[in-house]
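Below is one structure, written out as structure tokens; comments come after it.
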Amino acid sequence: MIRRLSLPALLLGAVTLAGCAGFDATSNGPGDEPLENTYWKLETVGDREAIAIDEAREAHLVLHAEDSRLAGSTGCNRMMGQYELEGDRLSFAQVATTMMACPGEVMALERAFLDALGSVDTWQVDGKALTLVDAEGEALARFEAVHLY
């Protein structure tokens with residue numbers, strides 16, 4: 001026995017499936033950049049403004065979803081490591097950097113950036129802005145999403 005589905009039932013099913021396909025668990029809401037697989041340019045660490053020097057890449061991070069891998073730059077050295085993401089909980093592990101020397105203010109930014117990553121508890125994305133937050137609810141670092149192409 002073959003049953004025919006009504007057109008409204010088919011349309012409802014198609015709309016439901018289309019809506020689910022667009023859901024991204026690493027964003028806070030519609031219009032927000034995804035946490036993972038986005039180039040996040042460092043804007044501030046605590047109350048310290050990010051600075052860039054001509055000889056180095058700007059401070060940034062990318063969370064690669066496929067293997068939970070952190071990659072980026074401290075503004076002086078390349079950075080790599082692992083991260084764990086569970087809902088709005090985020091932590092970093094095995095973060096390592098290359099060992100180049102840079103001017104004092106850039107090295108101070110690097111130390112503050114790495115210390116902040118070690119204290120992250122949660123994250124928030126609002127549009128193109130990412131904020132990493134500690135367990136007390138204090139903003140540790142703020143980033144801006146940058147589209148490379």
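Worth a mention:
- Residues that are closer than 24 Å to Ala145 by Cβ, aliphatic (A, V, I, L, M), assigned to a loop (DSSP other than H, G, I, E, B) and modelled with pLDDT under 95 within the range 53-110 comprise Ile53, Ala56, listed in sequence order.
- Failed condition for Leu117, given (1) buried (at least 18 other Cβ atoms within 10 Å of the Cβ); (2) part of a strand (DSSP E or B): (2)
- Per-region count, the range 33-45, residues more than 18 Å from Val95 (Cβ to Cβ) and not in a strand (DSSP E or B): 4
- With respect to the conditions (1) part of a helix (DSSP H, G or I); (2) at pLDDT 95 or above, Trp123 falls short on a single one, namely (1).
- Which numbered condition Thr98 misses (of (1) touching a Lys or Arg at 6+ places or on another chain (Cβ under 8 Å); (2) surrounded by fewer than 15 Cβ atoms within 10 Å (Cβ to Cβ); (3) touching a residue at least 24 places away in the same chain (Cβ under 8 Å)): (3)
- Selection of the range 35-67 for residues being surrounded by fewer than 19 Cβ atoms within 10 Å (Cβ to Cβ) and hydroxyl-bearing (Ser, Thr, Tyr) yields Tyr39, Thr44.
- Some residue of the range 24-37 being more than 18 Å from the chain's Cα centre (by Cα) and either at pLDDT 75 or above or among the hydroxyl-bearing types (Ser, Thr, Tyr) (or both): no
- When the range 132-149 is filtered for residues that are over 15 Å from Glu49 (Cβ atoms), within 14 Å of the chain's Cα centre (by Cα) and either hydrophobic (A, V, I, L, M, F, W, C) or part of a strand (DSSP E or B) (or both), the ones remaining, listed by number, are Leu132, Val133, Ala145, Val146.
The values are calculated or read from the model by the stated rules, or taken from the named source; none is laboratory data. Because the structure is predicted, anything quoted here is derived from the model rather than measured. Methodologically, a virtual Cβ is constructed for each residue, glycine included, from the backbone with ideal geometry; neighbour enumeration extends over all protein chains shown.
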